[in-house]
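Report on the following structure.
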Amino acid sequence: MRAYYFDNEPTDQRLPHDYDPSRPVDVETLGKIGVLYWKVPVEGYQSEIDAIAAKRDYKNRDIINVTKEGLGEQYEAKIKSFFEEHMHEDEEIRYILSGSGYFDVREHPNDEWIRIGVAPGDLLVLPAGIYHRFTLDTDNKIQALRLFKDEPKWTPLNRSTETDANIHRIDYREYLLPYPEA
């Protein structure tokens, strides 16, 4: 995992989009905005992922293959929807089995994008209510184990005045109150 501030250049979303010089973000800073991270080697990952899942009350899981072959005719629409700024009413939990990509999360308090590059062995938890988006990198493929507290679902709520008033967004913003400065 490598996290840094996104440069906002209007080029291919799959490019790194890193400032020069880079503006890195550490795991502690991600934690202040509710983003959790573990490194779990892919070989023999099941027992460690099972332990984390039990501790965090994740009851269900599935595997998603984000590739042209894996998503078929839905590929272009899915890639576009993943990159729309949105939030969820549940945590988004992803353990990367193969491939790579980027999660972009909104930083607090300046609302800048932080780009999080993920690769095999990275376990990332995005809190309910955080605005974020996802894209593949230029390799155009990722396989991820998705974990869920309840039934498997992925319901994006695109950023709007309505989502700003969503109870999960309000709860998330209240969580951020102890961290008024970046």
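The values are calculated or read from the model by the stated rules, or taken from the named source; none is laboratory data. Nothing here was measured: the structure is a model prediction, and the numbers come from that model. With ideal geometry, Cβ positions are generated from the backbone for all residues, glycine too; neighbour counts draw on all protein chains shown. The area values use the complete protein model at the heavy-atom level, side chains included, leaving out ligands, DNA and RNA. Shrake-Rupley method; radii C 1.70, N 1.55, O 1.52, S 1.80 Å.
Tabulated values for the structure
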| item | result |
| --- | --- |
| Net charge, LYS141 excluded, C-beta distance under 12 Å - Lys, Arg +1, Asp, Glu -1 | -1 |
| Directionally averaged shadow of segment 41-82, computed from the convex hull of its alpha-carbon atoms, nm² | 4.3 nm² |
| Solvent accessible area, Å² - ASP137, 1.4 Å probe, full protein context | 20 Å² |
| Largest-first ellipsoid semi-axes for segment 1-136, taking √(5λ) over the Cα gyration tensor eigenvalues, angstrom | 23, 19, 15 |
| Volume per residue of the C-alpha convex hull in segment 49-121, rounded to whole Å³ | 128 Å³ |
| Percent RCO, i.e. relative contact order, over segment 1-61, from Cα pairs under 8 Å lying at least 6 residues apart | 24 percent |
| Relative contact order (%) - criterion: Cα under 8 Å, at least six apart; region: segment 1-138 | 35 percent |
| Per DSSP, loop trypsin sites (Lys or Arg not before Pro) in segment 103-182 with at most 15 further Cβ within 10 Å | LYS149, LYS153 |
| Highest-MSF residue in the chain out of THR161, THR29, THR135 [GNM, Cα springs under 10 Å] | THR161 |
| Whole-Å semi-axes of the ellipsoid equivalent to segment 64-182 (Cα gyration tensor, √5λ, descending) | 25, 15, 14 |
| Accessible-area composition of segment 117-159, carbon plus sulfur, in percent [1.4 Å probe] | 46 percent |
| Euclidean distance of C-alpha centroids, segment 141-171 and segment 30-49, integer Å | 19 Å |
| Protein-only accessible surface order, largest first, of GLU92, GLU69 at 1.4 Å | GLU69, GLU92 |
| Cross-link pairs LYS59/LYS153; LYS32/LYS149; LYS32/LYS68 - those with Cα-Cα distance over 24 Å | LYS32/LYS68 |
